[in-house]
1. Somewhere in the stretch 28-38, is a residue in contact (Cβ under 8 Å) with a residue 12 or more places away in the chain, of a type outside the set (Gly, Ala, Ser) and open to solvent by less than 60 Å² (accessible area, probe 1.4 Å)?
2. Which residues, taken from the stretch 39-60, are open to solvent by less than 100 Å² (accessible area, probe 1.4 Å) and of a type in the set (A, V, I, L, M, F, W, C)?
3. I want to confirm something. Restricting to the stretch 9-28 and keeping residues that are small (Gly, Ala, Ser) and at pLDDT 90 or above, which single residue is farthest from the chain's Cα centre (by Cα)?
4. For the stretch 18-25, does any single residue satisfy the condition of being of a type in the set (Gly, Ala, Ser), surrounded by 10 or more Cβ atoms within 10 Å (Cβ to Cβ) and more than 24 Å from MET1 (Cα to Cα)?
5. Does the stretch 29-45 contain any residue that is closer than 19 Å to PHE5 by Cβ, hydroxyl-bearing (Ser, Thr, Tyr), more than 18 Å from the chain's Cα centre (by Cα) and at pLDDT 90 or above?
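The values are calculated or read from the model by the stated rules, or taken from the named source; none is laboratory data. No experiment lies behind these values; they were computed from the predicted model shown. Quick reminder, even Gly has a Cβ in these numbers, built from the backbone with ideal geometry, and neighbours come from all protein chains shown. The area values use the complete protein model at the heavy-atom level, side chains included, leaving out ligands, DNA and RNA. Shrake-Rupley method; radii C 1.70, N 1.55, O 1.52, S 1.80 Å.
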Amino acid sequence: MEIFFSVVQRKVVAPNDFTDLAQVGNRLRAFEDRYNATAQPFQWKFTPSDLDNLLARLDRHIADHPEESSVALAA
């Protein structure tokens, strides 16, 4: 969802030159129509294997540095 709204922010809302809310709505609807006609799945670069590796590294770090993890949790 965040990626979609980031695209909306950059492509639709960022040129903040609207004269009224109806114009905003019209531009959002036009974008939605174009986007739905051409949308394709995102090509994620962070794979499930990357996530597993990251979580394992975090677990090792917490085990090796318990004093740091307890400070981070208290903050």
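1. First, pick out the residues of the stretch 28-38 that are in contact (Cβ under 8 Å) with a residue 12 or more places away in the chain: 28, 31, 35.
In the following step, the residues that additionally are of a type outside the set (Gly, Ala, Ser) were identified as 28, 31, 35.
Next cut, open to solvent by less than 60 Å² (accessible area, probe 1.4 Å) only: 31, 35.
Checked against the condition, which is being in contact (Cβ under 8 Å) with a residue 12 or more places away in the chain, of a type outside the set (Gly, Ala, Ser) and open to solvent by less than 60 Å² (accessible area, probe 1.4 Å), the stretch 28-38 yields at least one hit.
2. Matches in the stretch 39-60: ALA39, PHE42, LEU51, LEU54, LEU55, ALA56, LEU58.
3. Restricting attention to the stretch 9-28, the residues satisfying the condition of being small (Gly, Ala, Ser) are 14, 22, 25.
Retained after the next criterion (residues that are at pLDDT 90 or above): 22, 25.
Working: ALA22: 27, GLY25: 23 Å.
This residue is ALA22.
4. Within the stretch 18-25, the first condition is being of a type in the set (Gly, Ala, Ser), and the residues that meet it are 22, 25.
The next check asks that each one be surrounded by 10 or more Cβ atoms within 10 Å (Cβ to Cβ); those that pass are 25.
Narrowing further to those that are more than 24 Å from MET1 (Cα to Cα): none.
No, the stretch 18-25 contains no residue that is of a type in the set (Gly, Ala, Ser), surrounded by 10 or more Cβ atoms within 10 Å (Cβ to Cβ) and more than 24 Å from MET1 (Cα to Cα).
5. yes
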